[in-house]
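Peer 1: The structure's right below; bear with me while I get my questions together.
Coordinate-derived values only; no laboratory data. Since this is a predicted model, take the numbers as computed values, not measurements. For neighbour counting, all protein chains shown are included, and Cβ atoms are generated from backbone atoms with ideal geometry for every residue, glycine included.
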Amino acid sequence: MEPQFVVVLGGSPPHPGVVAHLAEDRFVIAADSGLDHARALGLAVDLVVGDLDSVTPEALAAATGAGVPVERHPSAKDAIDAELAVDAALARGARRLVVVSGGGDRLDHVLAGHLVLAHPRLAGLDVQAWAGPAWIRALQGPAVTPVDGPTGAYVSLVPIHGRADGVTTRGLRFPLFGEPLLPGSSRGISNELLGEPACVTVQHGALLVIVPHALGGGS
């Protein structure tokens, strides 16, 4: 199996339980102060990307001293560090991508980062994210994903970049049968796992499948 590319973002710290869900065969890219978070999680970093305006000098010195490559970008740029790190993963042939964050302390960066997950250039890739305790899977149709969790756990389906068509669910309390989900509608929010094998399929468009408390802390 191809290595998993893990992008660790800055901002608020990730949930410590995320490490258990990462592949052992991984290439870790730290986006700016994501380097500090990666070190706190015990993750060996293979590449540092960003304008480096928030990483601590100690973490950066330790990384460069260990020979970790650094892709420094100017602070006046037209892409957030998260997107630059994803681009770096794609440039290295990533087919399995996991973005790790603490859920964000900047709403604008959080929204932009989630939009990046479903960018058309990521179509056909296995794209997942951990935002605090939440697990996110980005689907671009035609695509399907299994969904794991305890009985009663919430699962939300959020169309992104337009409408998602042909959405079908299995193993959820409120089933969908090849139906559309429209942007701006909350119809796909707060479905629930039934305790049996569950999956979500989308035929056209992009969809974020979100288990908000995958690492605990709620239903």
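Peer 1: Taking the Cα centre of the chain as origin and charging only Cβ (+1 Lys, Arg; -1 Asp, Glu), how large is the dipole, in debye to the nearest 20?
Peer 2: 500 debye
Peer 1: State the Cα centre-to-centre distance between the stretch 190-207 and the stretch 19-62 in whole Å.
Peer 2: Spelled out, the Cα-based centre of one part sits 32 Å from the other.
Peer 1: Collect residues whose amide H, placed 1.01 Å from N in the peptide plane, falls under 5 Å from the amide H of ALA30; neighbours closer than 5 in sequence don't count.
Peer 2: For ALA30, whose amide H was placed from the backbone, the distant partners under 5 Å are VAL8, ASP46, LEU47, VAL48, VAL49.
Peer 1: Now, a different point. Summing -39500 (n - 2.57) over the DSSP H runs of n ≥ 4 in the chain and dividing by its residue number, what mean residue ellipticity at 222 nm do you reach, to the nearest 500 deg cm²/dmol?
Peer 2: So the calculated ellipticity at 222 nm is -5000 deg cm²/dmol.
Peer 1: Quote the FRET efficiency, to the nearest 0.05, computed for THR168 versus LYS77 with a Förster distance R0 of 41 Å and r equal to the Cβ-Cβ distance.
Peer 2: So, using R0 = 41 Å, E works out to roughly 0.55.
Peer 1: Whole-Hz ³J(HN,Hα) for each residue in the stretch 160-175, computed from phi via Karplus 6.51 cos²θ - 1.76 cosθ + 1.60 with θ = phi - 60°, x for glycine and proline: what do you get?
Peer 2: My calculation for the stretch 160-175 gives 9, 6, x, 6, 10, 10, x, 8, 10, 10, 9, x, 10, 4, 10, x Hz in order.
Peer 1: Next question. Hand me the trypsin sites (Lys or Arg not before Pro) from the stretch 35-129 located in a DSSP loop with no more than 14 other Cβ atoms within 10 Å, in residue order please.
Peer 2: LYS77, ARG92, ARG106
Peer 1: Can I ask one more? Which whole-number percentage describes the relative contact order of the stretch 37-161, with Cα contacts under 8 Å and a sequence gap of 6 or more?
Peer 2: The normalised contact order for the stretch 37-161 reaches 18 percent.
Peer 1: Moving to a separate point now. Shape call for the stretch 1-79 from the C-alpha gyration tensor, a ≥ b ≥ c root eigenvalues: rounded (a/c under 1.5), prolate (a/b greater than b/c) or oblate?
Peer 2: Cα axes put the stretch 1-79 in the prolate bin.
Peer 1: Also, quick follow-up: 7 Å from Cα along Cα→Cβ at both ASP25 and SER54: what's the point-to-point distance in nm?
Peer 2: 3.3 nm
Peer 1: Need one word for the stretch 4-132: rounded, prolate or oblate. Basis is the Cα gyration tensor (sqrt eigenvalues a ≥ b ≥ c); a/c below 1.5 gives rounded, then a/b vs b/c decides.
Peer 2: It is rounded, given that a/c, with a ≥ b ≥ c, falls under 1.5.
Peer 1: Quote the relative contact order of the chain in percent (integer), defining contacts as alpha-carbon pairs under 8 Å separated by 6+ residues.
Peer 2: For the chain, the relative contact order is 19 percent.
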